[in-house]
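The values are calculated or read from the model by the stated rules, or taken from the named source; none is laboratory data. Since we're looking at a predicted model, the values are computed, not measured. All Cβ positions, glycine included, derive from the backbone under ideal geometry; neighbour counts span all protein chains shown.
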Amino acid sequence: MIRALAMVCLFVISVPPAWAQDISLEEAVRVKHGLNFCGETVPLDLQQVRERFEKEMLLALGDRPQALLWIKRAPQYMPIIEENLRANGLPADLKYLAVAESALRPHAGSPKGAMGFWQLMPETARKYGLRVDEYIDERRSIYLSTPAAMRFLLALHEQFSSWTLVAAAYNMGEEGLAAEMLEQNTRDYYNLYLSLETQRFVFRILAVKMILSDPKRYGFEVKPEDLYQPMNFDTVDVDCFQETPIRVVAQASGTFFKTIKDLNPHLRGHYLQPGHHQINIPAGKAEGFKARFQTAASKHREVLETRIYVVRDGDSLSAIAERFEVPLAALLIWNRIGLNDPIHPGDRLVIYPGALEPIK
């Protein structure tokens, strides 16, 4: 019995993936007509360069679900990136940088603090005009972050005069790259000894370029209906005179909280701060939105006035939540407080007991 199972396992493991029947691994990494990045030749005649490129190609093709997601997401976001590249006179190949950085995910983040489609660090994002704070993170919006990324790339090219070096600087920081170039006395990315991540970075972009430029060659038989399309939305002006729950915007739009968050990934938390906002809502919902929002906001303020609980001696957050039969997590959301934040007698807490209201 054990022997039979072992034979089955060997058979399963030895079956090649479907795409391998059309193209071998050796053929998949073979470049027949040269390779360039932003018009700059990649010296594949150098063995160490070819090895680095082939490694990234093999790793990308080995993670086929991820590569398939690149292909499927591209129509959703690439037109926006391409339009910004053209408007700024930047090379088209830079669109693949965003894929290599974030796989085109708005909430992609790194342990070092980079965030969004272009994986901008907070200080870099602010330098190029983005708002990044506890309420808004514009790095997560493809529409807001892409123009900032264009300005950053242009500044890097002004400094380094090479798009290959621009990509390296984008990955490791301009000061770090400049220091290594000075110490190693070369401006040739392919002969610079940099961090392993940065040594791989341009080749990762090139692997993305190869696969997205010709998916069929690598065994991805994707039909037009398989691709993710851009979300349709209207943009409306929202003026908040006080902190306003995002669910009020959702109610005025006739949709769900999640839909508003998905259309506005730069909005953090559950509330809009006082002031003016431009908010994306489902297409076709802009007409009459202002009146509906004002009605929903007025109702929220009226309800709010009747839902205030004054903290007493001996109260705790968990005890209050239990008393009013509401989830403790909801109590924290309504009052923008943390589980370990202290409460004191006389503090005023908002509580919304009762059943969920249906979406109209």
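Structural remarks
- Which listed residue is assigned to a loop (DSSP other than H, G, I, E, B), at negative phi and among the polar types (S, T, N, Q), from T164, T124, T186, T146: T186
- Verdict on D45 being out of contact with any Leu (no Cβ under 8 Å at 6 or more places or on another chain) and within 23 Å of T164 (Cβ to Cβ): yes
- Conditions (1) of a type outside the set (D, E, K, R); (2) in a loop (DSSP other than H, G, I, E, B); (3) modelled with pLDDT of 95 or more; (4) on the phi < 0 side of the Ramachandran plot: number failed by G89: (4)
- Cβ-Cβ under 6 Å pairs, at least 6 apart or on other chains, segment 186-207 side within 11 Å of T164 (Cα to Cα) and in the same structural domain as S102 (by TED's automatic domain parsing), far side charged (D, E, K, R) and surrounded by 13 or more Cβ atoms within 10 Å (Cβ to Cβ): F203/R52; F203/E56
- Selection of segment 262-284 for residues being surrounded by 17 or more Cβ atoms within 10 Å (Cβ to Cβ) and modelled with pLDDT of 95 or more yields L263, N264, P265, H266, L267, L272, H277, I279, N280, I281, P282.
- Taken over segment 107-165, the criterion of being of a type in the set (K, R) and at pLDDT below 95 is satisfied by K112 alone.
- Note on segment 65-81: among residues that are without any contact (Cβ under 8 Å) to a residue 60 or more places away in the chain and either more than 17 Å from the chain's Cα centre (by Cα) or buried (at least 17 other Cβ atoms within 10 Å of the Cβ) (or both), the one that is farthest from R204 (Cα to Cα) is M78.
- Qualifying residue in segment 97-104 (condition: small (G, A, S), modelled with pLDDT of 95 or more and closer than 30 Å to I333 by Cα): yes
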